[in-house]
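So the structure is just underneath, and the comments pick up after that.
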Amino acid sequence: MLRLDALTKTYKTGDQALKAVTLAVPSGQVLALIGPSGAGKSTLIRCINRLVEPSSGAVMLGDVDLTKLGAGALRRERRRMGMIFQEYALVERLTVMENVLSGRLGYVGFWRSLTRRFPQSDVDEAFRLLDRVGLLHMADKRADELSGGQRQRVGICRALIQNPALLLVDEPTASLDPKTSRQIMRLICELCAERGLAAIINIHDVALAQMFVARVIGLRLGEVVFDGPPDGLTPDRLTEIYGEEDWEATIDALDEEDEIEAAE
Amino acid sequence: MSVATHRELDDMLGTKWRKPAMVKRTWLRWALVIGFVAYLIAAVLSVEVNWLRVWEGLDRGAAFVAAFASPDFVSRGSDIWAGMLESIVMTVASSVVGILISIPIALGAARNIAPLPVYMVCRGIIAVSRALQEIIVAILLVAIFGFGPLAGFLTLSFATIGFLSKLLAEDIESMDRSQAEAVRATGSKWAQWIDYGVTPQVLPRLVGLSIYRVDINFRESAILGLVGAGGIGATLNTAFDRYEYDTAAAILLIIIAIVMALEYISGVVRARVQ
């Protein structure tokens, strides 16, 4: 459904953030993208919806090469790609409802959006999504009144109301506590399963990634160095991705009972 | 390696620590300080004061200050009223027009939103508006349009553009990128992106600056009358020319009262819009 073909990004400074990344994501597959800071995870997902312009290569979403599109066609294709951000990226002075409905901006005209008169079907869908993530009662609160976990739930609603085929998720749990992180990851994965969405999730918490996804891609210095199921991430593999470190604790954290046994 | 580090540490223990100086070279640092003090002394000595003239002038100054104890609102009441009304009309009209023109220019002058050619043009407009002082613009416009509030209105609108566009553009440039990026990622059009991603971030600043500019425009309107551009300044100028210090005092008191009222209102509004 999504295919990256020799996708390369070289920044003006000369830094090569992505080196000919080739990758295929079938529909409905949720994959985690791991790798150290600066490996190009963020650049990779931003090159897909062209918030960052790729330097060369192709991004095929279905039959469309996104890298070849003009401004108007790109906007229409962006509607099919929902994005969830690190630090939520909600517009803080807008209400929860406005933030969710901003996911429909690609579908409604300027005057309708300016006067906040969205079609009833959009409003109903926003209510349904907010109810699904347990925030219906917060609809008219301002986004900056919410806690971190609540904000990320609103961010999820904003991405889903686009009715996307693909979710691009950039460090969804970076500023959340461990429990909320799990809840958010579980919610994203459940919603993807419910709606048959494919997702690429950038995440630096390896244990959390292993817990929820079926496929892990390891990125190092802009190159794919691992592509496989989460249990294929052995200490050797992690060393290859991140560099030398003692990985036993990270892998053990997968199953807390194992950890207790090991301690005994 | 750790042994070497410890030896380094042993050398440093017991030595004094000071914040590194801003100018590292000692001779240059002292040269700058001495040069500045010498210039200051020379500058003060170069001011010539005619103390005899000051002594004579003190009486006139005292008469002016004393007039504030007995301001005369009545004998030129109708002139004051007409001038004040003209000033208020000039202030409101020029603020509204100036702000409406400023907003698109501010968008164009924000480097993170506008492409380079648009940016250069808008920054150019701002630079011209800021380079020309109000009085100079007013003298020019009075020459073109003749005496009266039209010249004052145009002057203040022009000055508002330079002020508001520059400060608003700077606020747009320092906005949170990720909020705007998130709106763009939904597939929004440019105008929708501005409406949802940018405006909410800069609106409080826009409101605050606008009220502040209304305040400035009112004060400026009192000055512009001195060069014939209408408003309460013309009445004030006439009062000075006739040595009617009590009328002048009345006008100044009214200006002070209105500026203070605007100051209070702007405080209340800015606290509400957060």
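Some points to look at:
- Within the stretch A:34-53, residues that are at the interface with another protein chain (Cβ under 10 Å from one of its Cβ atoms) reach partners that are part of a helix (DSSP H, G or I) and of a type in the set (Gly, Ala, Ser) with beta carbons closer than 8 Å, at six or more positions or on different chains, in the pairs A:49/B:185; A:51/B:185.
- Checking each residue in the stretch A:225-264 for being modelled with pLDDT under 75, of a type in the set (Gly, Ala, Ser) and in a helix (DSSP H, G or I) picks out A:249, A:262, A:263.
- Identity of the residue in the stretch B:185-195, over 16 Å from residue A:157 (Cα atoms) and facing chain A (nearest Cβ under 7 Å), that ends up surrounded by the most Cβ atoms within 10 Å (Cβ to Cβ): B:188
- Scanning the stretch A:130-145 for residues that are touching a helix residue (DSSP H, G or I) at 6+ places or on another chain (Cβ under 7 Å) and within 14 Å of another protein chain (Cβ to nearest Cβ) yields a count of 1.
- Of the residues making up the stretch A:24-41, just one is over 24 Å from residue B:186 (Cβ atoms), not in a loop (DSSP other than H, G, I, E, B) and not β-branched (Val, Ile, Thr), namely A:24.
- Hits in the stretch A:104-126 (condition: in a helix (DSSP H, G or I), of a type in the set (Gly, Ala, Ser) and farther than 19 Å from residue A:150 by Cβ): A:113, A:121
- Out of B:168, B:164, sole residue that is part of a helix (DSSP H, G or I), within 30 Å of residue B:235 (Cβ to Cβ), at pLDDT 95 or above and more than 14 Å from chain A (Cβ to nearest Cβ): B:164
- Matching option when the condition is in contact (Cβ under 8 Å) with a residue 24 or more places away in the chain, more than 14 Å from chain A (Cβ to nearest Cβ) and under 16 Å from the mean Cα position of the chain (by Cα), among B:173, B:220: B:220
- The set of residues in the stretch A:139-177 being more than 11 Å from the chain's Cα centre (by Cα) and hydrophobic (A, V, I, L, M, F, W, C) consists of A:139, A:143, A:146, A:154, A:157, A:160, A:161, A:165, A:174, A:176.
- When residues of the stretch A:62-76 are limited to those that are of a type outside the set (Gly, Ala, Ser) and surrounded by fewer than 19 Cβ atoms within 10 Å (Cβ to Cβ), the one farthest from residue A:153 (Cα to Cα): A:68
- Entry remark, the stretch A:127-155: residues being out of contact with any Cys (no Cβ under 7 Å at 6 or more places or on another chain), of a type outside the set (S, T, N, Q) and within 27 Å of residue B:274 (Cβ to Cβ) number 18 in total.
- Of all residues in the stretch A:99-123, those satisfying the criterion of being free of Cβ contacts under 8 Å to residues at least 24 places away in the same chain and facing chain B (nearest Cβ under 9 Å) are A:105, A:108, A:109, A:110, A:113, A:114.
- Residues located in the stretch B:223-274, provided they are aromatic (Phe, Trp, Tyr) and either surrounded by 18 or more Cβ atoms within 10 Å (Cβ to Cβ) or touching a residue at least 24 places away in the same chain (Cβ under 8 Å) (or both): B:245
- Taken together, the residues in the stretch A:73-87 that are at the interface with another protein chain (Cβ under 7 Å from one of its Cβ atoms) and assigned to a strand (DSSP E or B) amount to 1.
- Residue among B:134, B:181 that is within 14 Å of chain A (Cβ to nearest Cβ) and either within 30 Å of residue A:70 (Cα to Cα) or touching an Asp or Glu at 6+ places or on another chain (Cβ under 9 Å) (or both): B:181
- Checking every residue in the stretch A:47-59 against the condition of being over 22 Å from residue B:186 (Cβ atoms), touching a helix residue (DSSP H, G or I) at 6+ places or on another chain (Cβ under 6 Å) and at pLDDT below 90 gives zero matches.
- Residues satisfying the stated conditions in the stretch A:180-192, i.e. surrounded by fewer than 23 Cβ atoms within 10 Å (Cβ to Cβ) and touching a residue at least 24 places away in the same chain (Cβ under 8 Å): A:180, A:181, A:182, A:183, A:186, A:187, A:189, A:191, A:192
- Qualifying position, being at pLDDT 90 or above, crowded, with 20+ Cβ neighbours inside 10 Å and not in a helix (DSSP H, G or I), among A:90, A:101, A:129, A:44: A:90
- Residue list for the stretch B:246-267, filter: of a type in the set (S, T, N, Q) and out of contact with any Ser or Thr (no Cβ under 8 Å at 6 or more places or on another chain): B:266
- Matching entry among A:200, A:188 (being within 14 Å of chain B (Cβ to nearest Cβ) and within 12 Å of the chain's Cα centre (by Cα)): A:200
The values are calculated or read from the model by the stated rules, or taken from the named source; none is laboratory data. This structure is a prediction, so every number in the text was calculated from the model and none was measured. Positions of Cβ are generated from backbone atoms using ideal geometry, with glycine treated the same way; all protein chains shown enter the neighbour counts.
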